[in-house]
Amino acid sequence: MKLKKNIPLIDQHDKDGFWGKKFGGSFIPETLKKPIDDLTNSFAKLRNNKKFIQKRDYYFKNYIGAPTPLIKLENLSHHLGGAQIWTKVVSEANGGAHKIYNATVHALICKSMGKKYIVGDTGAGYAGKMLSMAAKKFGLKCKIFMGIKDIKRQKPNCDAIRKNGAEIVPVYSGSQTLVDAVSECMRYWVSNCDTTHMAVGSTVGPNIFVKICGWSTSQISRELKLQIKKEFKNFPKKIKLINCVGGGSSAYGFWSEFIDFPKSQIELIGVEAGGPEKSRLHAAPLSRGAKIGILHGAASYVCQNKDGQINETESISAGLDYPGVSPIHCFLKDSKRAKYTYATDEEALKAYKLVTKFEKLNPSLEPSHAFAEAIKCAPKLSKDTIIIVNSCGDAKKDRDILKKRLRRKI
């Protein structure tokens, strides 16, 4: 399973939409074939349309606030010793997370296709919050599907979604989390696709949604590549790019410009949600031996029970609490271009506590998983090794969880 150089990874699939002949595809009902084909054809034209790209770049700069900063965590690096720890503070984007890139592009696509309604799914609430923001910006009616469990634990983002004029559709089925929100959102789109555009919140789902999201979030690595050149003059000999992985949108966006670099120079490390230490449940299909399954229209590694049914997941982080993962990351794992591991709830909390103790940074629980890995490996590495963590979301949405959990012994 080989990667092709000088071709964006989102385009390295076969005619049936599979990366590496195993991952991805479009496992959809017949009723979705036409809307999927229409969206595929529209996106193929728009991504090569100079006016559309100019419009995207204008809103990325003037609405989202690109570029987001790259900063060195001097105090944390000194405390740990070993490698230098840096972070790309993507949480400084408008709305507080990387999801705004995908939401903005989907809103622009919706407008270009002449549709007035847009729907989306959300777990941590960031994808929903950002889509509601973009919908308001571009004059679209918006519905957000969200599991009732996530509605309760992510109240700040739910308040923001409603403030932006969007409707939250609570999902009571299954585990009442992200996986069920995606399912219900897709069911709604089947019945309303003539007037409504669907925005999948991550690099998951049928092939076209993986491509749109990956194309959108790749802005992060385009910025980072320029920032590294400016900061270090020449590329350092050893860089570790560490990112949390749920669906995988921020990680792909963080890595996309660096996939062609030699693994010996730039290592890509994805950190999944290992769940509570004392629980058998987790959301780490890449790093804890999951088998290939079909979920939400695509083939990927999926947490399953012994009968092959989708398994329940558990994580303190709503944004990582998903039983599947992007087919892009499955391909990167099997091609050995990226390495995947996991952090437990407790490790993520400890990382949050340490980062906020030493730095003026407030990462959400999702990137706290990535910081946990950085904290673990930095002391073992030389000072000329550069670790860069994508701080892809802020912790405002997690305030109630953090208030409750950090009173306990960690």
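The values are calculated or read from the model by the stated rules, or taken from the named source; none is laboratory data. Nothing here was measured: the structure is a model prediction, and the numbers come from that model. Here Cβ is always computed from backbone atoms with ideal geometry, including for glycine, and neighbour counts include all displayed protein chains.
Put simply, of LYS163, LYS137, LYS129, LYS116 the only residue that is touching a Phe, Trp or Tyr at 6+ places or on another chain (Cβ under 8 Å), closer than 27 Å to PHE60 by Cβ and of a type in the set (Lys, Arg) is LYS137. Within the stretch 144-157, residues that are farther than 15 Å from SER173 by Cα have Cβ atoms under 7 Å from residues that are crowded, with 24+ Cβ neighbours inside 10 Å and β-branched (Val, Ile, Thr) in these pairs: ILE144/THR122; ILE144/ILE161, counting only partners at least 6 apart in sequence or on another chain. Apart from one condition, HIS106 fits all of (1) part of a helix (DSSP H, G or I); (2) without any contact (Cβ under 8 Å) to a residue 40 or more places away in the chain; the exception is (2).
Is at least one residue of the stretch 311-327 without any contact (Cβ under 8 Å) to a residue 24 or more places away in the chain and outside any loop (DSSP other than H, G, I, E, B)? Checked against the condition, which is being without any contact (Cβ under 8 Å) to a residue 24 or more places away in the chain and outside any loop (DSSP other than H, G, I, E, B), the stretch 311-327 yields no hits at all.
Every residue, every condition in (1) hydrophobic (A, V, I, L, M, F, W, C); (2) touching a Pro at 6+ places or on another chain (Cβ under 6 Å); (3) assigned to a helix (DSSP H, G or I); (4) not assigned by TED's automatic domain parsing to the domain that holds ALA199, yes or no:
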| residue | (1), (2), (3), (4) |
| --- | --- |
| LYS2 | no, no, no, yes |
| ASN6 | no, no, no, yes |
| LYS15 | no, no, no, yes |
| LYS33 | no, no, yes, no |
| ALA44 | yes, no, yes, no |
| ASN48 | no, no, no, no |
| PHE52 | yes, no, yes, no |
| ARG56 | no, no, yes, no |
| SER77 | no, no, yes, yes |
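Looking at THR356, is it surrounded by fewer than 24 Cβ atoms within 10 Å (Cβ to Cβ), in the same structural domain as TRP255 (by TED's automatic domain parsing) and part of a strand (DSSP E or B)? So THR356 does not fit the description; no.
The set of residues in the stretch 270-300 being under 16 Å from the mean Cα position of the chain (by Cα), closer than 22 Å to LYS4 by Cβ and touching a residue at least 60 places away in the same chain (Cβ under 8 Å) consists of GLY270, SER300.
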